[in-house]
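Engineer: For reference, the structure I am asking about is given below.
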Amino acid sequence: MTYIEAMEKLSNKTIDIAEVESIYSLWGESTEIQSSIAMNLSLRTSVYDRTQEKSETMLKLLEILANSAEMSVRWAVAKNPHTPLSALEKLSLDNVNLVRALVATNPNTPVSILKKMFNDEKIVRDGLSGNPSTPSKYLAILADDNDAMVRLRVVDNPSCTEAILKKCITDSAENVRLAAHSKLQRK
């Protein structure tokens, strides 16, 4: 199989996962191939039944790709709901804030990792504030964040409690107040 054939095959999200692994074994040193594999795995989990696509081969590839030098590969792995815990732990410490932010948004990132990201920069806190797995005690603290977008995402979070919403109806930002009021009315 040529490099071009491999790239064409990877653009097909229904390619057999064993063939994806085979392409990685042939061309895995290429960051372009790594990127295409990461995107292929991402498409499988966002378009299809997520549990149907999960396999030991996918988990192995995600674990390997978490070590890529290419940032776009790492962010695709960070957001994938099947990424193994060890890879999420590694990526939660990534030097690129976008990668850490995508780990923070991943609903399968365990609380043990999420709480370590709590004092990270704004883009990461924004990810935490929207993650339905973020515990309410952290959402309550993020509801006081100095960034209005973080506070707004807390209000929009499906795990946001009524107590947090009541607190947010007095927020300094009008959009946060209105969103909290609207969500309280729907409850």
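Engineer: For Thr170 and Phe118, what is the calculated FRET efficiency with R₀ set at 35 Å and r taken between the beta-carbons, to the nearest 0.05? Before the final figure, lay out the partial values.
Structural biologist: Values: r = 23 Å, r/R0 = 0.67.
Working from the Cβ atoms, E equals 0.90.
Engineer: Using a 10 Å cut-off on Cβ atoms, rank the peptides 83-94, 144-155, 23-34 from the highest mean neighbour count down.
Structural biologist: 144-155, 83-94, 23-34
Engineer: Sticking with this one: Between Ser182 and Asn146, how high is the FRET efficiency from 1/(1 + (r/R0)^6) when r is the Cβ-Cβ distance and R₀ = 30 Å? Nearest 0.05.
Structural biologist: E between Ser182 and Asn146, to the nearest 0.05, is 0.85.
Engineer: Take every Cα pair under 8 Å in the chain that's 6+ residues apart, average their separations, divide by the length, and report that relative contact order as a whole percent.
Structural biologist: Result for the chain is 11 percent.
Engineer: For the stretch 1-97, calculate the relative contact order in percent as a whole number, restricting contacts to Cα pairs under 8 Å that are 6 or more residues apart.
Structural biologist: The normalised contact order for the stretch 1-97 reaches 25 percent.
Engineer: Past the 18 Å Cα-Cα mark, which pairs from Lys137/Lys167; Lys54/Lys79; Lys122/Lys167; Lys54/Lys116; Lys90/Lys122; Lys79/Lys183?
Structural biologist: Flagged as over cut-off: Lys122/Lys167; Lys54/Lys116; Lys90/Lys122; Lys79/Lys183.
Engineer: I've got another one for you. Over the stretch 109-187, what is the mean sequence separation of C-alpha contacts under 8 Å (at least six apart), divided by residue count, expressed as relative contact order in percent? It would help to have the intermediate numbers written out before the result.
Structural biologist: Working: 93 pairs, mean separation 17.9, N = 79.
For the stretch 109-187, the relative contact order is 23 percent.
Every number here is computed from the coordinates shown, using simple stated rules; none is lab data. Treat the numbers as computed from the prediction; the structure is a model and nothing was measured. Counting neighbours? That spans all protein chains shown, and the Cβs are built from the backbone with ideal geometry, glycine included.
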